[in-house]
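To keep things clear, I will list the structure first and then write my remarks on it.
The values are calculated or read from the model by the stated rules, or taken from the named source; none is laboratory data. Just so we're clear, the structure is a prediction, and the values are computed from it rather than from any experiment. Neighbour counts are summed over all protein chains in view; Cβ atoms, including those assigned to glycine, are modelled from backbone coordinates with ideal geometry.
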Amino acid sequence: MPELPEVQTIVNGLEPYILQKEIDRIIEYRQGTINTSCQGIAFGRVSSLDRRGKYIIIKTSKAVTIIIHLGMTGKLIYKKQVKKISDHCRAVIVFTDQSRIFFDDVRTFGKIHIFTHNVTFKALGKMGVEPFSDDFNYVYLSDKLKNRKAPIKNVLMNQSVVAGLGNIYVSEILHRSHVDPRRISGKLNKEEVGEIITQTKIVLREAIAHNGTSVSDFRRIEDKKGEFQNFLRVYQKDYCNCGTAIQRNKMAGRSTYFCPRCQK
DNA sequence: ATTGCTTCCTGAGCGC
DNA sequence: TGCGCTCAGGAAGCAA
């Protein structure tokens, strides 16, 4: 399940392969994967590759913007030579040198949005601050949490508050911050809010340094796994470092892991 | 404005 | 061996 570190790992991996490479065509193998018909689009060369939240943003020399969201199980696999189409292939970006990016996605929650003009993508406009930016600070977060009655876990998962966090990293961040995920957002004290900001930046940086977390489907562009699953402290764990059994609850329909002793 | 539930989708795992 | 059930969860859409 790709969150910010996994998406960043893919962007970092793809960049040296596809920057300045000319897109020949994009093929949709499963209807509904791409928002528009790709027929007759002159794409041009890849001029930039970026991440915003969990979105991958590719811009081209001919003012085409390709925005990719991997959903739950989406993968981007880069191949120089193609023998056969991969399993669950939903779309392919073909470059003029015949190398390709395969967009594989078992559960089909992933989507590709192509804009040929300067159309603003609604989802990006509503997105909250980037966790690594200076804008993700105490003043910002405490204002977002103020008077909110939803549990802190739910608010941190909300992309319009902070961009890029999902179920795994929110569990890890709250564990390292010693905050119970069920706590009412508006009732956290100053130290706790500050700690959440600090730990968010630390956990995400560590995860990127280890090429993301592969608990099930996530793969890097060479189809290799990330390694951060080896460093998780609560997510899908049975015991905390302190020896206490990790508790598992459903919150907002999602499995939530926490240590009842370390997280108050 | 905020919150919480439902929906989309497929494969793995499990009990029987 | 296979059937039916549950679970995995990002985000849009909608209802309260």
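Computed values, structure above
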{"item": "Whichever residue in the stretch A:148-159 is more than 8 Å from DNA strand C (Cβ to nearest atom) and not basic (Lys, Arg) and, among such residues, is farthest from A:LYS187 (Cα to Cα)", "result": "A:ASN158"}
{"item": "Single residue of the stretch A:214-251 satisfying the filter (at pLDDT 85 or above and of a type in the set (Val, Ile, Thr)) that is surrounded by the most Cβ atoms within 10 Å (Cβ to Cβ)", "result": "A:VAL234"}
{"item": "Residue pairs meeting the criteria (Cβ under 9 Å; at least 6 apart or on separate chains; first among the hydroxyl-bearing types (Ser, Thr, Tyr), in the stretch A:143-168; second within 8 Å of DNA strand C (Cβ to nearest atom))", "result": "A:SER160/A:LYS126"}
{"item": "Candidates A:PHE121, A:PHE132, A:PHE115, A:PHE136 - the one that is buried (at least 18 other Cβ atoms within 10 Å of the Cβ), among the aromatic types (Phe, Trp, Tyr) and either in contact with a Leu (Cβ under 9 Å, 6 or more places away or on another chain) or farther than 25 Å from A:PRO260 by Cα (or both)", "result": "A:PHE136"}
{"item": "Filter result for the condition that a residue is over 20 Å from A:ILE10 (Cα atoms), surrounded by fewer than 18 Cβ atoms within 10 Å (Cβ to Cβ) and assigned by TED's automatic domain parsing to the domain that holds A:GLN8, over A:LYS84, A:LYS80", "result": "A:LYS84"}
{"item": "Matching residues in the stretch A:252-264 - criterion: being within 27 Å of A:LYS75 (Cβ to Cβ) and surrounded by 14 or more Cβ atoms within 10 Å (Cβ to Cβ)", "result": "A:ARG254, A:THR256, A:TYR257"}
{"item": "Selected residue (criterion: surrounded by the most Cβ atoms within 10 Å (Cβ to Cβ)) from residues of the stretch A:1-28 that are within 16 Å of DNA strand B (Cβ to nearest atom) and over 15 Å from A:ILE77 (Cα atoms)", "result": "A:MET1"}
